[in-house]
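What follows is a single structure, and I will ask about it in a moment.
Read-outs: derived from the displayed coordinates by stated rules, not from any lab. Keep in mind that this is a model prediction, so the values were computed, not measured. For neighbour counting, all protein chains shown are included, and Cβ atoms are generated from backbone atoms with ideal geometry for every residue, glycine included.
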Amino acid sequence: MLSAKMEKALNDQINAEFYSSYLYLAMSAYFQSINFTGFATWMQVQSTEEYGHAMKIYNYLIEVNSRVKLELIEKPQESWKSPLEAFQEAYKHELYITDRINKLVNQAIAEQDHATNIFLQWFVKEQVEEVSTVNQIIEKFKLIGENKSALYMLDRELGQRK
Ligand code: OFO
């Protein structure tokens, strides 16, 4: 059984992960609307991963006999100025999620909730990977600059994501 504070914090994190899923789905729809179908695929896969993150916490709450409470999911933005701007937003969002995960770990340590601390370690590692992946994509955008054919090649590359 978790403390009431931890239960609330993990429910809030479920909401944040569902929002991530929603945000990346909105980015996918944006990319479709401007015919970058590879970026759209990448974002759709990312959205599904975020759904998985939310469900991982959902299942943990059930496993430790705590209560899942679903809240409203905030409406995401609909469009961005450019593909690069959307990925920069994704990067900023992942830094925000990393900060939230770190705070959850701090709370688990403060409460001597070892089980939740161990559970959260998966998210700590996952965040390192997510921030690094999006950062690498942004670096590629920077190299590409105004080169349209290189941009379409990147679109094709990111569209390989399964
Ligand atoms: Fe759930 O890792 Fe991104 O947000």
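Residues with beta-carbon under 15 Å from that of Tyr30, excluding Tyr30: net charge, scoring Lys, Arg +1 and Asp, Glu -1? Numbers along the way, then the final one.
Working: positive: Lys75, Lys81; negative: Glu78, Glu85, Glu89, Asp155.
Net of charged neighbours comes to -2.
What list of ³J(HN,Hα) couplings, whole Hz, do you get for segment 64-81 from phi and the Karplus terms 6.51, -1.76, 1.60, once you set θ to phi - 60° and write x for glycine and proline?
9, 6, 10, 9, 7, 10, 8, 10, 4, 9, 4, 6, x, 4, 9, 8, 10, 5
What is the fewest-to-most order of His93, His53 by other Cβ atoms lying within 10 Å of their Cβ? Please list the in-between numbers first.
Values: His93 19, His53 23.
Least to most surrounded, the residues fall as His93, His53.
Could I ask something else about it? For Tyr60, Tyr152, which order do you get if you count the other beta carbons within 10 Å of each Cβ and list the fewest first? Please report the intermediate quantities before stating the final value.
Working: Tyr60 19, Tyr152 14.
Starting with the residue having the fewest Cβ neighbours, the order is Tyr152, Tyr60.
Anything in the chain that counts as a DSSP H helix reaching 18 Å or more along its axis (C-alpha) with Kyte-Doolittle mean of at least -1.0? List them, would you?
Numbers: long enough: 4-33 (43 Å, -0.21); 37-63 (39 Å, -0.35); 83-110 (41 Å, -0.33); 114-144 (46 Å, 0.10).
Membrane-span-like by this criterion, though nothing is claimed about a membrane: 4-33, 37-63, 83-110, 114-144.
Straight-line reach from Lys69: which aspartates and glutamates fall under 13 Å, measuring Cα to Cα and dropping same-chain residues less than 8 apart?
Of all the aspartates and glutamates, those that pass the test against Lys69 - Cα under 13 Å, at least 8 places apart if same chain - are Glu7, Asp12.
Could you work out the per residue convex hull volume over the alpha carbons of segment 38-135, in cubic angstrom?
Working: hull volume 10.6 nm³, N = 98.
Hull volume normalised by residue count: 108 Å³.
Can you show me the helix-derived [θ] at 222 nm for the chain, built from DSSP H runs with n ≥ 4 at -39,500 (n - 2.57) apiece and divided by the number of residues, rounded to the nearest 500. Spell out each step's value before the answer.
Working: 5 runs with 127 residues, N = 162.
Here the helix-only value at 222 nm equals -28000 deg cm²/dmol.
A further question follows. In what sequence do Asp12, Asp99 fall when counting other Cβ within 10 Å, fewest first? Numbers along the way, then the final one.
Details: Asp12 15, Asp99 11.
So the ranking, lowest neighbour count to highest, is Asp99, Asp12.
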